[in-house]
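As structure tokens, the structure follows; a few thoughts come after it.
The values are calculated or read from the model by the stated rules, or taken from the named source; none is laboratory data. Quantities reported herein were computed from a predicted structural model and do not represent experimental measurements. Reconstructed Cβ throughout: ideal geometry from the backbone, glycine too, with neighbour counts over all protein chains shown.
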Amino acid sequence: MAYFIELKTHTDDRGSLNSIDRVLPFDIKRIYYIYNVNEALNRGGHRHFETIEGLICMNGTFTVLIDNGREKKEYYLSDPSKILIMEIGDWHVMYDLSPDAVLMGIASTNYDPKDYAYEPLSVS
């Protein structure tokens with residue numbers, strides 16, 4: 001099931017800085033970001049066979065629903081110092097993106113359309 005990693009924040013008069021350095025459970029192969037999303041629409045709606053992903057809310061807010069086939073859980077993201085780690089097989093959908101939301105994703109694999117499944121795992 002998905003979980004948060006809290007990044008160390010360094011703050012002084014110049015502002016705040018977070019670094020993603022030796023905290024991820026994978027090597028980064030791909031970085032993407034999503035913004036200007038129509039508030040009435042969702043993103044995601046899939047799971048991966050091989051990819052582990054991290055989601056960071058760089059600006060604004062959004063909610064992520066995770067379904068790993070055993071349980072469903074919602075995560076609210078609003079803080080750029082937290083990374084939501086989604087494990088292999090975590091079906092996910094991002095919704096309620098605020099108008100100013102910027103979602104950054106980091107992935108353990110390069111893009112491969114064969115790595116995507118659009119249905120959640122069934123509970124056995």
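Things to note:
- Scanning the stretch 41-56 finds one or more residues that are farther than 11 Å from Leu103 by Cα, at pLDDT 95 or above and of a type in the set (A, V, I, L, M).
- Candidates in the stretch 100-124 are the residues that are at pLDDT 95 or above and either of a type in the set (S, T, N, Q) or assigned to a loop (DSSP other than H, G, I, E, B) (or both); of these, the one that is surrounded by the most Cβ atoms within 10 Å (Cβ to Cβ) is Ala101.
- All positions within the stretch 32-44 that are surrounded by 15 or more Cβ atoms within 10 Å (Cβ to Cβ) and more than 12 Å from the chain's Cα centre (by Cα): Val37, Asn42
- Residue in the stretch 13-34 that is in contact with a Phe, Trp or Tyr (Cβ under 7 Å, 6 or more places away or on another chain), assigned to a strand (DSSP E or B) and modelled with pLDDT of 95 or more present: yes
- Here Gly15, Gly89 are screened, and the one residue that is surrounded by 12 or more Cβ atoms within 10 Å (Cβ to Cβ) and out of contact with any Cys (no Cβ under 6 Å at 6 or more places or on another chain) is Gly89.
- Close contacts from the stretch 46-59, counting a first residue that is within 19 Å of Leu24 (Cα to Cα) and a second that is aromatic (Phe, Trp, Tyr) and not in a strand (DSSP E or B), with Cβ to Cβ under 6 Å and a gap of 6+ residues or different chains, come to Ile52/Phe26.
- Gly69 meets the conditions (1) part of a strand (DSSP E or B); (2) touching a residue at least 12 places away in the same chain (Cβ under 8 Å) in every case but one. The failed one is (1).
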